[in-house]
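Asker: What follows is a single structure, and I will ask about it in a moment.
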Amino acid sequence: MAGSIVQLPQPKVYPTPTLPSPLPPTSSLSIGGSSCLTIALAISPAICTGTGNNLTITTSGSTPLSLGNVTLGANVNLTVQYGVGGAPSTGTVALNVNSFTQNSGAKITLGTNTAVTMNVVGTGQATPLDLSGGGFVNGSFDPSKFQILYAGTGALELTGGVGAAVTVYAPNAAMTMHGTADIYGSILTRTYVDTGGATVHYDTSLSSKFFTLGNYVMTSFSWKKY
């Protein structure tokens with residue numbers, strides 16, 4: 001029945017995500033408008049381009065983009081683009097952060113033909129991930145292209161919106177959803193609180209893209225005469 005609670009026959013135990021190695025730093029990194037020069041050393045060998053509040057970090061993905069406690073300034077749109085030598089290409093960026101926080105109106109945008117795996121470590125952080133400021137935009141509308149992995153027990157804050165397609169795997173964390181805009185993909189956390197009435201729409205294509213955790217079950221059967 002829709003809206004009812006079904007008691008599972010046994011507890012589900014989910015593996016803890018593997019921490020990135022090496023771990024990202026725990027230093028603070030503020031990204032504001034026109035701050036490419038400020039963050040150039042922190043993101044090297046990635047390349048930062050853009051003006052005003054629209055900044056793009058382009059990296060080949062051969063080396064993870066390892067940052068510390070990142071704060072994205074108000075109204076800053078940070079695009080993460082896979083590319084070689086500053087030229088956009090197709091690939092996956094490993095974005096390793098200790099924590100990531102958005103101020104009001106800020107957002108993360110996935111670049112063209114870019115997938116992002118965000119590994120959040122959260123050392124010393126009660127809220128290691130706060131994407132409630134302005135959320136994120138995944139223009140592919142494929143939630144497997146933006147994965148957020150977190151092994152800790154801290155709080156995660158999220159908001160939906162147009163292009164909010166994501167896969168969150170944080171089996172020990174507490175998730176809070178803000179606002180009324182919906183999320184498309186999947187969220188697996190220890191607890192989940194919806195403060196504004198937003199809906200999580202599960203993308204069934206994920207069942208064929210990721211390994212499904214659980215006991216083995218029979219999916220088909222046929223009789224054959226030998």
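Asker: Going by the conditions given, is ALA115 in a loop (DSSP other than H, G, I, E, B) and either modelled with pLDDT of 95 or more or among the polar types (S, T, N, Q) (or both)? Write out each step before concluding.
Answerer: Numbers: in a loop (DSSP other than H, G, I, E, B): no; either modelled with pLDDT of 95 or more or among the polar types (S, T, N, Q) (or both): yes.
So ALA115 does not fit the description; no.
Asker: Within segment 81-101, take every residue that is more than 15 Å from PRO64 (Cα to Cα) and of a type in the set (Ser, Thr, Tyr) and give me the one that is surrounded by the fewest Cβ atoms within 10 Å (Cβ to Cβ).
Answerer: THR90
Asker: Moving on. Among the listed residues TYR169, TYR202, which satisfies the condition of being at pLDDT 90 or above, aromatic (Phe, Trp, Tyr) and buried (at least 18 other Cβ atoms within 10 Å of the Cβ)? So that I can check it myself, show each step before the final result.
Answerer: Values: TYR202 fails: buried (at least 18 other Cβ atoms within 10 Å of the Cβ).
None of the others qualify; the one that does is TYR169.
Asker: May I ask you to verify whether ASN75 is touching a residue at least 40 places away in the same chain (Cβ under 8 Å), more than 27 Å from PRO171 (Cα to Cα), surrounded by fewer than 21 Cβ atoms within 10 Å (Cβ to Cβ) and more than 11 Å from the chain's Cα centre (by Cα)? Talk me through it step by step, then tell me what you get.
Answerer: Working: touching a residue at least 40 places away in the same chain (Cβ under 8 Å): yes; more than 27 Å from PRO171 (Cα to Cα): yes; surrounded by fewer than 21 Cβ atoms within 10 Å (Cβ to Cβ): yes; more than 11 Å from the chain's Cα centre (by Cα): yes.
Here the answer is yes, as ASN75 does meet what is asked.
Asker: Separate question: Looking at THR180, THR153, THR191, THR159, can you tell me which residue is touching a residue at least 24 places away in the same chain (Cβ under 8 Å), surrounded by fewer than 16 Cβ atoms within 10 Å (Cβ to Cβ) and β-branched (Val, Ile, Thr)?
Answerer: Only one candidate passes the filter, namely THR153.
Asker: Next question. Mind listing whichever residues of segment 15-57 are farther than 19 Å from GLY122 by Cβ and out of contact with any strand residue (DSSP E or B) (no Cβ under 9 Å at 6 or more places or on another chain)?
Answerer: LEU41, SER44, THR51, GLY52
Asker: Can you tell which of SER132, SER104, SER140, SER144 is crowded, with 19+ Cβ neighbours inside 10 Å, over 11 Å from the mean Cα position of the chain (by Cα) and of a type in the set (Ser, Thr, Tyr)?
Answerer: Every option except SER132 fails the conditions.
Asker: Only one of PRO24, PRO17 is at negative phi, modelled with pLDDT of 90 or more and crowded, with 20+ Cβ neighbours inside 10 Å. Can you tell me which? Give the steps one after another, and end with the answer.
Answerer: On the way: PRO17 fails: crowded, with 20+ Cβ neighbours inside 10 Å.
Only one candidate passes the filter, namely PRO24.
Asker: Also, I was wondering about something else. Among the hydroxyl-bearing types (Ser, Thr, Tyr) and within 27 Å of LEU23 (Cα to Cα): does that describe THR127? Give the steps one after another, and end with the answer.
Answerer: On the way: among the hydroxyl-bearing types (Ser, Thr, Tyr): yes; within 27 Å of LEU23 (Cα to Cα): yes.
In short, yes.
The values are calculated or read from the model by the stated rules, or taken from the named source; none is laboratory data. Just so you know, these numbers come straight off a predicted model, no measurement behind them. Every residue, glycine among them, receives a Cβ derived from its backbone with ideal geometry; neighbour counts consider all protein chains shown.
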